[in-house]
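Below you'll find the structure, written out as structure tokens, and then a few comments.
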Amino acid sequence: PAVGTRVLIRHGLGTWREMLNAPAQILVPVSAELPVEQAAMLQINPATAWRMLHDFVSLRAGDWVVQNAANSGVGRGVIAICRSLGIRTINLVRRAELMAELKEAGADAVLLDGPEAAAQMRALTGDDGARLGLNAVGGESATRVAGALADGATHVTYGAMSRQPLRLPNGLLIFRNIAFRGFWVSRWFQQADAAERDVMFSRLTDLMGDGRLHMKVAATYPIAEAKAAIAHARQGERDGKILFRAG
């Protein structure tokens with residue numbers, strides 16, 4: 001990259017700092033037209049959403065994807081990316097006040113994550129079921145996601161917000177042949193080649209540049225106020241991410 005180019009540094013180098021020396025070949029150029037707050041979030045939530053939608057199942061327009069924690073950064077990324085690809089989403093949330101907002105953001109269906117959601121999801125997908133399930137919660141919520149899947153589908157866990165283990169009825173494996181996988185974006189970055197990484201970022205910046213992909217920001221803090229930023233990030237029911245800003 002030329003001097004003055006806005007870039008992303010390689011995932012894992014750490015960004016809780018004001019300055020960094022890094023080899024030019026590991027930097028990823030990013031359009032200066034992107035809002036800096038949006039560009040700063042490209043490597044985690046949008047990248048996680050993109051990889052899970054592309055690396056486990058060959059999804060086609062019209063397919064269903066079901067996810068819990070749909071109001072999270074990853075969840076919103078999944079909604080935006082699926083909408084751009086013509087893939088339909090069923091989205092589970094814990095708070096009713098989020099339902100209209102996610103529908104407006106492009107979700108095809110938004111349901112409260114509870115016992116009744118299992119039948120509601122099946123009613124939406126019919127006999128086909130969803131081809132991919134994304135789980136960031138664990139416990140009973142993860143089981144509900146699995147129950148909405150088609151035979152031979154894939155269930156991907158990337159978080160454990162409830163701190164509860166997966167509870168998998170034996171029939172989901174024996175009779176339904178559902179595959180249960182895990183995903184950690186840090187490992188993907190360690191193993192991906194530069195070309196694969198650059199293609200992903202190119203597609204994500206296109207979506208972000210025209211407004212189809214937008215990550216919510218609750219607040220920004222200077223690095224000197226790290227304690228306040230961390231305290232804010234620990235609060236429940238935040239409306240977006242907490243970011244550090246330069247200066």
Margin query: Debye calculation, C-alpha points only, no solvent: report log10 I(q)/I(0) for the chain at q = 0.12, 0.14 Å⁻¹, in the same order as the q values.
Written below: -0.72, -0.96
Note to self: Using the Kirkwood radius over C-alpha pairs as Rh, can you work out the diffusion coefficient of the range 2-70 via Stokes-Einstein at 10 °C, viscosity 1.306 mPa s, in µm² per second?
What the structure shows: 108 µm²/s
Next item on the list: Only helices at least 20 Å long along their axis, Cα-based, and averaging -0.5 or more on Kyte-Doolittle count here, so list those DSSP H runs from the chain.
Entry: 194-209
Note to self: Once R0 is set to 30 Å, what does the formula 1/(1 + (r/R0)^6) return for the Cβ-Cβ distance between R94 and D127, expressed as a FRET efficiency to the nearest 0.05?
What the structure shows: 0.60
Notebook entry, point to check: For the peptides 177-186, 44-53, what is the packing order when you average, over each peptide's residues, the other Cβ atoms within 10 Å and list the highest mean first?
Noted result: 44-53, 177-186
Next item on the list: Apply 1/(1 + (r/R0)^6) to the Cβ-Cβ distance of I230 and A2, taking R0 = 51 Å, and write down the FRET efficiency to the nearest 0.05.
Entry: 0.90
Notebook entry, point to check: Based on the Cβ-Cβ distance of A179 and K216, what FRET efficiency does E = 1/(1 + (r/R0)^6) give at R0 = 25 Å, to the nearest 0.05?
Noted result: 0.20
Notebook entry, point to check: Summing -39500 (n - 2.57) over the DSSP H runs of n ≥ 4 in the chain and dividing by its residue number, what mean residue ellipticity at 222 nm do you reach, to the nearest 500 deg cm²/dmol?
Noted result: -10000 deg cm²/dmol
Item checked: Cubic angstrom per residue, convex hull over Cα atoms of the range 115-247 -> 181 Å³
Item checked: Beta bridges by DSSP in the chain, antiparallel share as percent, to the nearest 5 -> 5 percent
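Throughout, read-outs are computed from the coordinates displayed, never taken from laboratory work. The shown structure was predicted, so the numbers you read here are calculated from the model rather than taken from an experiment. Here the Cβ is made from the backbone with ideal geometry for all residues, glycine too, and neighbour counts use every protein chain on show.
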